[in-house]
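No lab work stands behind these numbers, since they all come straight from the coordinates. Not measured: the values here are computed from a predicted model. Here Cβ is always computed from backbone atoms with ideal geometry, including for glycine, and neighbour counts include all displayed protein chains.
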Amino acid sequence: VPRVLSGIQPTAGSFHLGNYLGAVRQWVALQESHDAFYMVVDLHAITVPQDPAELRANTRLAVAQLLAAGLDPERCTLFVQSHVPEHAQLAWIMNCLTGFGEAARMTQFKDKSAKQGADRASVGLFTYPILQVADILLYQANEVPVGEDQRQHIELTRDLAERFNGRFGATFTVPEPYILKETAKIYDLQDPSIKMSKSASTPKGLVNLLDDPKTTAKKVRSAVTDTDTVIRFDAEHKPGVSNLLTIYSTLTGAGIGALEEKYEGKGYGALKTDLAEVMVEFVTPFRERTQQYLDDPETLDSVLAKGAEKARAVAAETLAHTYERVGFLPAK
Ligand code: TYM
């Protein structure tokens, strides 16, 4: 059975619609056909300052949301990154294999550090993609389900896997990105020229899955479209409408063509009102399920304990093999 691995950051408050449609939805589907490993990446989260109590709470909240979204601990391995120390250990080896200039070319670092200022951005933020490389290689993942913004990091993973294999002998599986074209990039509802994100979107442009459903409906109804009136998918000329059609189509399973037909001759208002309803139907049970998992910390802890144990078994084997290849003297 092919293996998939992916991760998500424990962000404050809630996942957003881009996280769900771009990644988590695929995680849920892939657990049926793949040996699936999914994790909440708390080591990645501390590349920017975090309040300890909030980090802990957000990590639990992230796990609760993943379960609410449909991850089934019987069908996948769900764990917290810091519960598996091998991530940091393999990351060190990968750091030593990466060129400084190569790391400096990672566009996410460039964007994020530009925002923070070079002296405030941590070295951890700089080596962030290399930790991600270690995450993936530890599990010998064949595919990595992510959104488009992670593609460059998967390419780095492939490069480093091939470099290591070339230098030390076949050790790591070279993974492929698993990026669905339709949902690779979900756009901000107010500015469809940028992706939906916690850092760049305005509150009105960002759909948080745990927002009050009324707030969500309002955001959808006031989404920016264009001055035209025709409901047609055209990402280049009609990015706002196209983004709404993508969201609608993915959440309901209706094809884009069928939606274009349904709304022929109707205005944007009709589309937005209906999509607002679709969104409310999606987020209402999601919120309830998330709260149920949060209210049951024992179940959550036991899921994570089991997940960490399964993950460690795989990670420890890969790391031991890697240590031997590198030439570390075995501890007796
Ligand atoms: P993160 O936490 O920023 O995002 C989680 C997932 O959501 C996707 N995503 C989007 N997809 C479509 N449209 C959007 N607007 C959108 N915004 C976010 C991201 O592409 C991602 O798949 N570095 C990773 C976490 C990570 C990881 C890994 C992923 C750490 N180790 C190993 C895969 C494998 C990140 O920060 O994702």
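What number, rounded to the nearest 500 deg cm²/dmol, is the helix-based mean residue ellipticity at 222 nm of the chain, given -39500 (n - 2.57) per DSSP H run of at least four residues and division by all its residues? Using -39500 (n - 2.57) per qualifying helix, the result is -16500 deg cm²/dmol. One way to sum up the overall shape of the chain is the equivalent ellipsoid from its Cα gyration tensor, whose semi-axes run 36, 22, 19 Å, largest first. Pull up the DSSP beta bridges for the range 1-94 and report the antiparallel fraction as a percent, rounded to 5. If I count the DSSP bridges inside the range 1-94, around 0 percent turn out antiparallel. For the chain, averaging the sequence separation of C-alpha pairs within contact (under 8 Å, six or more residues apart) and dividing by the residue count gives a relative contact order of 22 percent.
Amide hydrogen proximity for residue 37: with H placed 1.01 Å from N in the peptide plane, the residues at 5 or more positions away or on another chain lying under 5 Å are 4, 5, 6, 77. With the convex hull of its Cα atoms as the shape, the range 156-258 has an orientation-averaged projected area of 9.5 nm². When the listed pairs 115/310; 219/262; 219/306; 181/310; 181/238 are checked against a 27 Å cut-off, the alpha-carbon distance exceeds it for 115/310; 219/306; 181/310. Since only 107, 18, 157 are under comparison, the one whose Cα sits farthest along the positive direction of the charge dipole of the chain, derived from C-beta charges on Lys, Arg, Asp and Glu, is 107. Cross-link candidates for residue 198: which aspartates and glutamates have Cα within less than 19 Å, leaving aside residues fewer than 8 places away along the same chain? Filter leaves 42, 51, 54, 111, 148, 149, 188, 211, 212.
Around the amide H of residue 186, modelled in the peptide plane, lie the amide H atoms of 196, all under 5 Å away and 5 or more residues distant in sequence or on another chain. In the chain, the DSSP beta bridges split such that about 15 percent are antiparallel, to the nearest 5.
As a rough footprinting exposure proxy, the listed residues 163, 105 were ranked by other beta carbons within 10 Å of their own, and the order from fewest upward is 105, 163.
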